[in-house]
Every structure is written in C-alpha cells, then in structure tokens.
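**Q** One structure, as structure tokens, below. Some questions next.
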Amino acid sequence: QTAQDIVNHYTWEGLRDVTLVFPSRRAGLVLKNELKQLQRAQHPAPVFLPTITTLSELFDALSPLQQEDELRIICRLFRIYKEVTGEQITLDLFYGWGRQIISDFNNIDKAVPQNEVKAFFENTIAARELEQVKLDEETTARLKDLLRQSGASKEYNEESIQSKYDALWRNLYTIYLRLNEQLLSEGKGYEGARIRAALEHIDERIVEMEGNMSYCFIGFNYLLRVEKELMRWFKDHRNGRFYWDYVEDFQTNTKAFAFVQQHIRDLDNAAEPMPWKEPKEIEVVATTTGNAQAQF
C-alpha cells in the first residue's frame, strides 16, 4: 500500500529525486522489493529507484562532526573526570562508569534542548537532594569498589557512600561541558552531540548533500525529541511525507497508540492505514531491556 501511494504521488520518473527514510535497513529493503514488483507490473520502462536510508544514517550525513571512537572518548572522559573530581582511580575501573556517563550524555542530548541542559542538570541534582534517594544494593556495592580502588578509607557507611555519589552528580555538568568543548575543538563528537550538531546546521548541510530532494519517513511510531524536530524541519522545508506504523484498530497499547496519534496531528499522515484483513488477537508485553525481550 505504501509503495503504491509513493508511486502515485511522485510518479515513476520522479522516484529518482526521493529519499525514503526507515527505522532500519531491513524495512527499506522490503519496500524496495515492493517497488520492483510494482514496476514490473505497471511500468515496463527502466526507472531509477529512490534513495533508501535509515534515520541514523540521515543524522550521520547531516552532522558536521565526525564520529569519535568510544574507547578514545572514555580515555578523554577519564582524564577530565580525574581533573574535576580529584579522584585517583585506574582506567580499567573507570571504564564501566565512563560508558554509563557517555550513555547518559547521549540521552540528555537527544531529549533535552541545548539551552535547557544546564537547568536539567541543576534540577536533577536539586531533586535528588530533596528526595534523599536511597541507593540500591548494586549501586552501593559498585561505589564501595570505586572508593576502595581509589585508595580511600575502607570504613564505609551509607551516608559516606551517598555523599560520594552526590558529589559525582554535582560534577556531571562540568564534565559534560569539558568533554563537549574538547571534542568540538577537533570537529568530533559522540552520538548525541553529533545529532544535536546536525539539527543546528541542517540548513547548510542539506544543500551540500542533495539540493531539493524530497523525503518520506516510513514505519516510525515512538520518536525522540531530536527525531521529531528533524522530521518537522523536513515537513516545513521539503514537504516531507509521513507513513506511520500503525493500523486504525490497533489500540491494544493505548500509550503507544497515543504517540502515533500525536505525531499525525503534528506532522500529518500521507495515507490512512488499511484495517486488518482478518481480526487479530495481539498481546503487548512490556520489557525493560533487549535481553528481557529475547528471554520472553
């Protein structure tokens, strides 16, 4: 249905000036094969197929920053961490912490506007101090190991560990700023920083890439803030079209369905979905991780 609607809208000759953006490569290959079958049945003359890419690849193409190797980022973060906190720890001990910090920075850059990042850190720290969050056993054990390896006193209590943990949180914004400043000075960045830079420079980067290419976003449902911001830019500047991943009677998971309904209100919908050919019994199971999904 989507393949046919794309052909109807752009015509066979116009497909060469269209980029189709998918959540994954596999979905793009499926639609590419659908277009080939339609072409054999409807249009015997040779045609250029549209460009097929993923949202991640599109962000990569739009970003002016180069991807830095994760291990190099962790080593850089390790040096910054020691300068800011004064902790004397080994790189092998810090490695797991470094990966988690980078993951947190990625999530912040994807979810929080750049002009609100400082307030985000300040509010998070204030909320933690207000709530006096009690550390779980796993976090306490990791912090004890961190303190022991750093040569600190071996006498620990919950209050001292909590204090150490809060001190790390209070320094995170400084660490965040220094890491980004150093990487930016070399034209590099981690994933979240590169995505943020892509949005900041999209006007000039898109012209360098392809001129007036048309864009279709196909098969998405839940979107991060940066993803929706990118799509809104293409809607406003490239007449972007959107084919959302849902069917009209799929309301088993009302929270997930609400996301798609909001996207349709904000970004429109190129084609209304067809109902199921036959009624389906669908069970939605919430899992917290990829491992939990595989185990289920």
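The values are calculated or read from the model by the stated rules, or taken from the named source; none is laboratory data. Keep in mind the model is a prediction, meaning the values are calculated, not measured. Glycine also receives a Cβ, built like all others from the backbone with ideal geometry; neighbour counts cover every protein chain displayed. These accessible areas exclude ligands, DNA and RNA; they are computed on the full protein's heavy atoms, side chains included. Shrake-Rupley method; radii C 1.70, N 1.55, O 1.52, S 1.80 Å.
**Q** If each residue of separation counts as 0.36 nm, what is the full-extension length gain between Arg170 and Phe120 once their alpha-carbon separation is subtracted?
**A** On the way: separation 50, 0.36 × 50 = 18.00 nm, distance 1.19 nm.
Net length gain for the segment: 16.8 nm.
**Q** Could you tell me the calculated FRET efficiency between Phe257 and Glu83, based on Cβ-Cβ distance and R0 = 41 angstrom, to the nearest 0.05?
**A** On the way: r = 48 Å, r/R0 = 1.17.
Approximately 0.30, to the nearest 0.05.
**Q** Further question on the same structure: Sorted by accessible area with a 1.4 angstrom probe, largest first, how do Trp169, Trp244 fall?
**A** On the way: Trp169 60, Trp244 25 Å².
Of Trp169, Trp244, the descending order of accessible area is Trp169, Trp244.
**Q** Can you tell me the FRET efficiency between Leu38 and Glu181 if r is taken as the Cβ-Cβ distance and R0 is 51 Å, rounded to the nearest 0.05?
**A** Details: r = 51 Å, r/R0 = 1.00.
Taking R0 as 51 Å, the efficiency between Leu38 and Glu181 is 0.50.
**Q** In what sequence, highest mean first, do 112-123, 214-225, 4-15 appear when ranked by Cβ atoms within 10 angstrom? Please report the intermediate quantities before stating the final value.
**A** Numbers: 112-123: 13.6, 214-225: 18.7, 4-15: 15.5.
Listed from highest to lowest mean packing, they are 214-225, 4-15, 112-123.
**Q** Follow-up question, since we're still on this one. Along Cα→Cβ, 7 Å out, is where each label goes; now give me the distance between the ones at Glu57 and Met213 in nm to one decimal.
**A** Inter-label distance under the simple model: 1.0 nm.
**Q** What is the sum of charges, Lys and Arg at +1 and Asp and Glu at -1, for the other residues whose Cβ falls under 11 Å from the Cβ of Tyr222? Could you put the intermediate results ahead of the total?
**A** Working: positive: Lys228, Lys255; negative: Glu227, Asp245.
For residues surrounding Tyr222, the net value is 0.
**Q** Add +1 for every Lys or Arg and -1 for every Asp or Glu among the other residues with Cβ under 12 Å from the Cβ of Leu15, and state the total.
**A** Details: positive: Arg16, Lys32, Lys36; negative: Glu13, Asp17.
Taking every Cβ under 12 Å from that of Leu15, the sum is +1.
**Q** A further question on this structure: According to a simple spin-label model (label point 7 Å from Cα along Cα-to-Cβ), what is the distance in nm between Phe296 and Lys110?
**A** 1.9 nm
**Q** Please give the contour-minus-distance gain from Arg26 to His9: 0.36 nm per residue of separation, less the Cα-Cα distance, rounded to one decimal in nm. Kindly include the intermediate steps, with their values, before the conclusion.
**A** Values: separation 17, 0.36 × 17 = 6.12 nm, distance 2.35 nm.
Additional length available on full extension: 3.8 nm.
**Q** Under the classification rounded if a/c is under 1.5, otherwise prolate if a/b is larger than b/c and oblate if not, where does region 173-239 fall, given a ≥ b ≥ c as square roots of the Cα gyration tensor eigenvalues? Mind dumping the intermediate values first?
**A** Details: a/c = 3.17, a/b = 1.67, b/c = 1.90.
It is oblate, given that a/c is not under 1.5 and a/b is not larger than b/c.
**Q** For Lys277, project a label point 7 Å along Cα to C-beta. Then give me every residue of region 1-15 with its amide nitrogen under 13 Å of that point.
**A** 1
**Q** Let me ask something additional. Once ligands and nucleic acids are excluded and a 1.4 Å probe is used, how much of Asp245 is accessible, expressed in Å² to the nearest 10?
**A** 80 Å²
**Q** Separate question: What FRET efficiency comes out for the pair Asp266/Cys75, r = Cβ-Cβ distance, R0 = 30 Å, nearest 0.05? Before the final figure, lay out each step's value.
**A** Working: r = 41 Å, r/R0 = 1.37.
For Asp266 and Cys75, the calculated efficiency is 0.15.
**Q** Also, I was wondering about something else. I want the local charge near Ile108. Using Cβ-Cβ distances under 12 Å, sum +1 for each Lys or Arg and -1 for each Asp or Glu among the other residues.
**A** On the way: positive: Lys110, Lys118, Arg196, Arg225; negative: Asp104, Asp109, Glu116, Glu191.
So the surrounding residues net to 0.
**Q** Using modelled backbone amide H atoms (1.01 Å from N, in-plane), which distant-in-sequence or interchain residues come within less than 5 Å of Phe217's amide H?
**A** Val21, Arg241, Phe242, Tyr243
**Q** Hey, any idea what the orientation-averaged projected area of the convex hull of region 3-130's Cα atoms comes to, in nm²? Working shown, then result.
**A** Values: hull surface 49.6 nm².
Result: 12.4 nm².
**Q** Quick check on my link table: of Lys36/Lys228; Lys118/Lys188; Lys228/Lys255, which ones sit more than 28 Å apart, alpha carbon to alpha carbon? Kindly include the intermediate steps, with their values, before the conclusion.
**A** On the way: Lys36/Lys228 30 Å; Lys118/Lys188 21 Å; Lys228/Lys255 18 Å.
Lys36/Lys228, as the Cα separations exceed 28 Å there.
**Q** Suppose each label sits 7 Å from its Cα in the direction of the beta carbon; what would the Asp203-Arg225 distance come out to in nanometres?
**A** 2.2 nm
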